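*Asks:* The structure follows.
The values are calculated or read from the model by the stated rules, or taken from the named source; none is laboratory data. Remember, it's a predicted structure, so these values are computed and weren't measured experimentally. When we count neighbours, we look across all protein chains shown, and the Cβ atoms used for this are built from the backbone with ideal geometry, even at glycine. The area values use the complete protein model at the heavy-atom level, side chains included, leaving out ligands, DNA and RNA. Shrake-Rupley method; radii C 1.70, N 1.55, O 1.52, S 1.80 Å.
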Amino acid sequence: PGHSFEAQEHTERISLGPLDFAATLSIIKAVLAVQQVPVQLGRRLHERTGGNPFFLEEMCQGLREAGAVTVHGHDALVSGSADALHLPDSVQAVIRARLDRLQPEGRELLRVASVIGREFPRRILREAIGSPDLTAAIEPLKHAGILQQMRVVPDPLYRFKHVLTQEVA
């Protein structure tokens with residue numbers, strides 16, 4: 001308590017810079033589960049996200065969910081021109097757009113969960129929402145990578161994937 005990491009023995013500060021273009025393409029391919037990405041799409045996403053991996057991942061998820069980028073076989077395809085894609089200016093704007101596309105039950109669940117905290121037990125969420133079965137609302141949020149399940153028993157525990165997602169919710 002009261003000690004910073006720098007004061008600890010055997011610690012080393014490592015500064016992580018932004019991703020380079022090659023790493024950006026690797027993340028885009030991994031998030032979209034493809035082998036090929038249009039170079040123009042990669043350049044636009046790299047430029048807009050500034051090489052921030054979380055922003056990049058959220059942007060890819062958002063473009064796929066909006067249907068602006070689709071997957072055909074092993075290739076990512078852009079609906080229209082990569083230059084014409086609407087790319088939000090901030091990671092919060094991307095998260096907001098993703099949340100806005102959710103079903104009302106999912107948005108309400110996230111709103112309530114965000115007040116409970118970054119992590120929240122299913123029992124408390126169920127009591128706060130007043131619904132006996134939250135599975136239909138929680139599963140799509142887990143599948144979309146918005147929530148993570150941290151434990152199954154004795155009471156399932158969930159967590160917002162990122163604190164920014166909790167703040168936006």
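*Asks:* Do the conditions hold for residue 97, that is, is it touching a strand residue (DSSP E or B) at 6+ places or on another chain (Cβ under 6 Å) and among the small types (Gly, Ala, Ser)? Give the steps one after another, and end with the answer.
*Replies:* Numbers: touching a strand residue (DSSP E or B) at 6+ places or on another chain (Cβ under 6 Å): no; among the small types (Gly, Ala, Ser): yes.
Answer is no for this residue.
*Asks:* As an exercise: evaluate residue 36 against (1) over 17 Å from the mean Cα position of the chain (by Cα); (2) at pLDDT below 95; (3) more than 29 Å from residue 156 (Cα to Cα) and give the number of the one condition it does not meet.
*Replies:* (2)
*Asks:* Sticking with this one: Is it true that some residue in the range 88-106 is closer than 30 Å to residue 26 by Cβ, among the polar types (S, T, N, Q), open to solvent by less than 60 Å² (accessible area, probe 1.4 Å) and over 18 Å from the mean Cα position of the chain (by Cα)?
*Replies:* Checked against the condition, which is being closer than 30 Å to residue 26 by Cβ, among the polar types (S, T, N, Q), open to solvent by less than 60 Å² (accessible area, probe 1.4 Å) and over 18 Å from the mean Cα position of the chain (by Cα), the range 88-106 yields no hits at all.
*Asks:* Within the range 66-80, track down each residue that is under 20 Å from residue 51 (Cβ atoms) and under 18 Å from the mean Cα position of the chain (by Cα). Write out each step before concluding.
*Replies:* Here is the first cut: in the range 66-80, the ones under 20 Å from residue 51 (Cβ atoms) are 69, 76.
Listed by number, the list holds a single entry, 69.
*Asks:* List every residue pair whose Cβ atoms lie under 9 Å apart, where the two residues are 6 or more positions apart in sequence or sit on different chains, the first residue falls within the range 26-48 and is open to solvent by less than 70 Å² (accessible area, probe 1.4 Å), and the second residue, located anywhere, is assigned to a helix (DSSP H, G or I) and among the hydroxyl-bearing types (Ser, Thr, Tyr).
*Replies:* Pairs found: 42/24; 45/24; 46/24.
*Asks:* Determine which member of the set 63, 85, 110 is over 17 Å from the mean Cα position of the chain (by Cα), open to solvent by less than 60 Å² (accessible area, probe 1.4 Å) and either farther than 22 Å from residue 138 by Cβ or not hydroxyl-bearing (Ser, Thr, Tyr) (or both). Walk me through it before giving the result.
*Replies:* Details: 63 fails: over 17 Å from the mean Cα position of the chain (by Cα); 110 fails: over 17 Å from the mean Cα position of the chain (by Cα).
The match here is 85.
*Asks:* If you scan the range 127-161, which residues turn out to be without any contact (Cβ under 8 Å) to a residue 60 or more places away in the chain, within 12 Å of the chain's Cα centre (by Cα) and part of a loop (DSSP other than H, G, I, E, B)?
*Replies:* 146, 161
*Asks:* A follow-up question, please. Which of the residues belonging to the range 81-119 are modelled with pLDDT under 95, farther than 28 Å from residue 51 by Cα and in a loop (DSSP other than H, G, I, E, B)?
*Replies:* 103
*Asks:* I'm trying to understand the selection: among the residues of the range 66-80, which are surrounded by fewer than 18 Cβ atoms within 10 Å (Cβ to Cβ) and either in a helix (DSSP H, G or I) or in contact (Cβ under 8 Å) with a residue 40 or more places away in the chain (or both)?
*Replies:* 74, 75
*Asks:* Do we find a residue being modelled with pLDDT of 90 or more, farther than 23 Å from residue 139 by Cα and not in a loop (DSSP other than H, G, I, E, B) anywhere in the range 4-19? If you could, list the steps in order and put the result at the bottom.
*Replies:* Of all residues in the range 4-19, those modelled with pLDDT of 90 or more come to 18-19.
Going one step further and asking which of them are farther than 23 Å from residue 139 by Cα, we end up with 18-19.
Still in the running and not in a loop (DSSP other than H, G, I, E, B): none.
For the range 4-19, residues modelled with pLDDT of 90 or more, farther than 23 Å from residue 139 by Cα and not in a loop (DSSP other than H, G, I, E, B): absent.
*Asks:* Another question about this same structure. Residue under question is residue 15, and the condition is that it be open to solvent by 50 Å² or more (accessible area, probe 1.4 Å), among the hydroxyl-bearing types (Ser, Thr, Tyr) and touching a Ser or Thr at 6+ places or on another chain (Cβ under 8 Å); does it hold?
*Replies:* Values: open to solvent by 50 Å² or more (accessible area, probe 1.4 Å): yes; among the hydroxyl-bearing types (Ser, Thr, Tyr): yes; touching a Ser or Thr at 6+ places or on another chain (Cβ under 8 Å): no.
For residue 15, the condition - open to solvent by 50 Å² or more (accessible area, probe 1.4 Å), among the hydroxyl-bearing types (Ser, Thr, Tyr) and touching a Ser or Thr at 6+ places or on another chain (Cβ under 8 Å) - is not met.
*Asks:* How about the range 23-65: which of its residues are in a loop (DSSP other than H, G, I, E, B) and within 19 Å of residue 94 (Cα to Cα)?
*Replies:* The answer is 50, 51, 52.
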